[in-house]
Each structure stands twice: as structure tokens, then as C-alpha cells.
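Working notes, structure below.
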Amino acid sequence: MSKTNIEFINHASVLISCGKISLLSDPWYNGAVFHHGWRLLHELKDDEIINILKKTTHIYVSHEHPDHFSTPFFLNKNIKNILIEKKIQILFQNTQDKRVINFFKKNSFEIRELNLNEKINLSDDMQVQIIKHDFYDSSLILKTPD
């Protein structure tokens, strides 16, 4: 049986690993958001981000606020190359406007659009399910053997 490991990365970002799957949530690691009204207490250096991505198989984005869906993160040339080379699959909720999904498709990312409440097996050891909150926010429920 695989053991589940949860590692806090920054802000709303955690890396949850079980077996062959390592799912990273809401990667925002540097820069200001909300018209320079919010900053991180600690920004990650590029080499720290690359080390995290080396372990990552999937990225979950909960909603499109810039402290969760950081377009500078995804458009950073080095990060984008790693995400595409490693075929890191991005998970996002099914929405009517498709803005976030279209952003990922336009930029050649591997995107998986999840229907609300639908249970998806990422592996034998990890199942995910997106639950919608309010207008556009979401939570991810993960099921692992432990």
C-alpha cells in the first residue's frame, strides 16, 4: 500500500503524493497580485520551483483568481517547457465560459476538464473529485489507500 505524503509549498499550494502520482495545487510562487495589493511572505526561487516540478505529475487549479491561477507561473518559459516536456496534466473544473481551459489549450498544456462531482482515477492509488463552491471556486477531494 502506498503512503500519502502532503507537503506545504506556499500560500494555497501543496504537493500531495501517493504512489506514482504527485498532485500540486494552485502554484503561485512569486510576484504581486490584485493590483499589487497581495504579496507572498516568501517567494520561491526558480531552482526551488523546478525541484517541485520534477516531482509533479498533475496540477490542480481551484479557480481563476491570480493567487491560485497564476498566468505568469504558467507562461514562464522554463516552467512552461518543463510542464509540456513532462506532460504534467492540469486539472480544472468544467465552467461555462471555458476561459481557463482555453488558456491552457492555447498554450499547449495537457489539460483535463473535470465535471463537478465526477470521480476520476488518476492511478490505482489516487482518485479525485471536484466540488464547486459559490460562483467559480472549487475544492478537490482526494481518495488514497490511507
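The values are calculated or read from the model by the stated rules, or taken from the named source; none is laboratory data. As the structure is a prediction and not an experimental result, all values here were calculated from the model. For neighbour counting, all protein chains shown are included, and Cβ atoms are generated from backbone atoms with ideal geometry for every residue, glycine included. Just so you know, the surface numbers come from the protein's heavy atoms only, side chains and all, with ligands and any DNA or RNA stripped out. Shrake-Rupley method; radii C 1.70, N 1.55, O 1.52, S 1.80 Å.
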> For segment 115-129, which residues satisfy the criterion of being surrounded by 14 or more Cβ atoms within 10 Å (Cβ to Cβ) and of a type in the set (A, V, I, L, M)?
Replying inline: L122, M126, V128
>> One residue is enough: does segment 5-16 have a residue meeting the conditions modelled with pLDDT under 85, open to solvent by 30 Å² or more (accessible area, probe 1.4 Å) and outside any loop (DSSP other than H, G, I, E, B)?
In response: no
>> Just the residues that are surrounded by 14 or more Cβ atoms within 10 Å (Cβ to Cβ), among the small types (G, A, S) and modelled with pLDDT under 90, please, taken from segment 21-59.
In response: G31
> From the list K132, K80, K105, K143, which one is free of Cβ contacts under 8 Å to residues at least 40 places away in the same chain, within 17 Å of H68 (Cβ to Cβ), surrounded by 12 or more Cβ atoms within 10 Å (Cβ to Cβ) and among the basic types (K, R)?
Replying inline: K132
> Counting only residues that are under 22 Å from Q129 (Cα atoms) and surrounded by 13 or more Cβ atoms within 10 Å (Cβ to Cβ), which one in segment 83-97 is farthest from the chain's Cα centre (by Cα)?
Replying inline: T95
